[in-house]
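Notes to accompany the following structure.
The values are calculated or read from the model by the stated rules, or taken from the named source; none is laboratory data. On a predicted model such as this, the values are computed, not experimentally measured, just so you know. Cβ atoms come from the backbone with ideal geometry, glycine included; neighbour counts cover every protein chain shown.
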Amino acid sequence: MNNCDLIIIGAGASGLLAAIHASESGLKVAVVEKMSSAGRKILITGKGRCNITNSSEIKDFIKEIYPDGRFLYPAFKKFFTYDILNLLENAGVEVILERGGRYFPKSEQASDIVDALYSKALKNGVEFYFNASVVSVFYQDHQVAGVDYILDKEKKRIIAPKVIICTGGKSYPGTGSDGDGYKLAEQAGHKIEKVFPALVPLVIKEDYGAQMQGLTLKNISAKLIVDGKKIAEEFGDLMFAHYGLSGPVILTISRKAVIALDNKSKVNVTIDFKPALDYNTLDKRLLRDLNENGKKKVENVFKLLLPQRAIEVFLQILHIEREKPANQISAKERKAIADLLKNFNCNIIGHRGFKEAVITAGGVSLDEVNPKTLESKILKGLYFAGEVLNLDANTGGYNLQIAFSTGWLAADSAVNS
Ligand SMILES: Cc1cc2nc3c(=O)[nH]c(=O)nc-3n(C[C@H](O)[C@H](O)[C@H](O)COP(=O)(O)OP(=O)(O)OC[C@H]3O[C@@H](n4cnc5c(N)ncnc54)[C@H](O)[C@@H]3O)c2cc1C
């Protein structure tokens, strides 16, 4: 086929949905994918389990999306959570609902999602070109006319009046999403809002990361402090890595941290190891533990409060001898212990790169894309869907739903224009 009705660039979450919807509506569809198979990124979602979507209602869903989820109202109105779940269930994928409204395939295999979507598109007659990297979208009289791609070092062409760019962002580039979509959009005259990694681990100045590498703290609270002001707080799990901090609570606050670092602000994360106890209750508990275990070494009393690897770091920061008997801890030292448990401070000096970012923030400016159709306001016949757009969301299944809904709407517009 070198002539068709619609070309979709990228066989990821948005591209597969667009292909399914356009083909079932009767269009002759070609999907051009630079990798050797479809849905490489979907395979690694949700740690291989794929958090497909979220059960929140639209009004709550859009609050999880940056910079402005309201852009997605038309897409969500046409294709939302129940639609993707129906589609998957009709394709034989059973789903389960977990805490936080997160849907997963019952099999816990992300590959089942890829198989279901890819098989459905194939059954509908969609033609896939693999190992084919699109290098340009070409135009005639301000109207899309087709794409050029490279296959086996040779430049080839497909002709079509409509193209949807579904190339994803720049994060985890090994999956194929390496930022090409921004170049294609720029070639078409589109503005790209500054692109940066989000849902990304943070780098700290102190060497606690190395000392506590691999340690996971459960049910802690982490506050993001920018120029001395608390701007975010999250409860949940945190992990130490050799460079600093990772884990769900850190990924969630990272977007704001990355922006603050970029603005040259002073950025700190403080960890509350005991969020369920207020300061006074914690102090009373400390007093009791120290009194009841008065003859024990302080390091053994710390075992009642902290994981082993954190004990080493606490003793260093507090300058308390590990062998000191608990009943010799002064009131001042006890206050310092309580302070550290409630406010363990890390100076944030950077963040990890796109290779470790779950999502790319920034992208094709929403000002130049019609939210009702996802068509370019600059070039007729050009559409955008998925992460390539200037949209990103928190964890919880929101990002895949954005891709599914925008893929579906862009295809629907291409069918009906
Ligand atoms: C580790 C990790 C875990 C995640 N977990 C979840 C989760 O559980 N739930 C959730 O909602 N979201 C999750 N996400 C985010 C989610 O995977 C993405 O937001 C979503 O896949 C974006 O879909 P997309 O179609 O826009 O892009 P992608 O799925 O990235 O697909 C883009 C496709 O375009 C292809 N492509 C790029 N350039 C070209 C070109 N020039 N020519 C041809 N093809 C090209 C790529 O090879 C790729 O196949 C996770 C992301 C990561 C990295």
> Got a sec? Which strands (runs of 3 or more DSSP E) wholly within the range 130-233 have at least 3 residues that are within 16 Å of the ligand (Cβ to nearest atom) and farther than 30 Å from residue 249 by Cβ?
Replying inline: 133-140, 143-151, 154-159, 162-165
>> So, in the range 16-42, exactly how many residues are crowded, with 21+ Cβ neighbours inside 10 Å, within 17 Å of the chain's Cα centre (by Cα) and part of a helix (DSSP H, G or I)?
In response: 2
> Are any of the residues in the range 402-412 within 16 Å of the ligand (Cβ to nearest atom), in contact with a Cys (Cβ under 7 Å, 6 or more places away or on another chain) and either over 25 Å from residue 44 (Cβ atoms) or in contact (Cβ under 8 Å) with a residue 12 or more places away in the chain (or both)?
Replying inline: yes
> Has the range 21-30 got any residue that is within 13 Å of the ligand (Cβ to nearest atom), of a type in the set (Val, Ile, Thr) and closer than 20 Å to residue 168 by Cβ?
Replying inline: no
> If you check residue 390 against the conditions, is it in the same structural domain as residue 64 (by TED's automatic domain parsing), under 22 Å from residue 184 (Cα atoms) and not hydrophobic (A, V, I, L, M, F, W, C)?
Replying inline: yes
>> Name the single residue that is farthest from residue 46 (Cα to Cα) among those in the range 84-105 being over 22 Å from the mean Cα position of the chain (by Cα) and surrounded by fewer than 20 Cβ atoms within 10 Å (Cβ to Cβ).
In response: 90
>> Any residue that is outside any loop (DSSP other than H, G, I, E, B) and within 17 Å of residue 197 (Cα to Cα) - is there at least one of those in the range 263-286?
In response: yes
> How many residues does the range 43-69 hold that are near the ligand (Cβ under 6 Å from one of its atoms) and in a helix (DSSP H, G or I)?
Replying inline: 3
> Name the residues in the range 123-149 that are over 15 Å from residue 187 (Cα atoms), surrounded by 14 or more Cβ atoms within 10 Å (Cβ to Cβ) and either more than 29 Å from the chain's Cα centre (by Cα) or charged (D, E, K, R) (or both), would you?
Replying inline: 124, 127
>> Anything in the range 262-277 that is over 16 Å from residue 345 (Cβ atoms) and buried (at least 20 other Cβ atoms within 10 Å of the Cβ)? List them, or say none.
In response: none
> Looking at (1) hydrophobic (A, V, I, L, M, F, W, C); (2) more than 29 Å from the chain's Cα centre (by Cα); (3) crowded, with 21+ Cβ neighbours inside 10 Å, which is the one condition that is false for residue 110?
Replying inline: (2)
> Looking at the range 234-254, which of its residues are within 16 Å of the ligand (Cβ to nearest atom) and either part of a loop (DSSP other than H, G, I, E, B) or among the polar types (S, T, N, Q) (or both)?
Replying inline: 246, 247, 252, 254
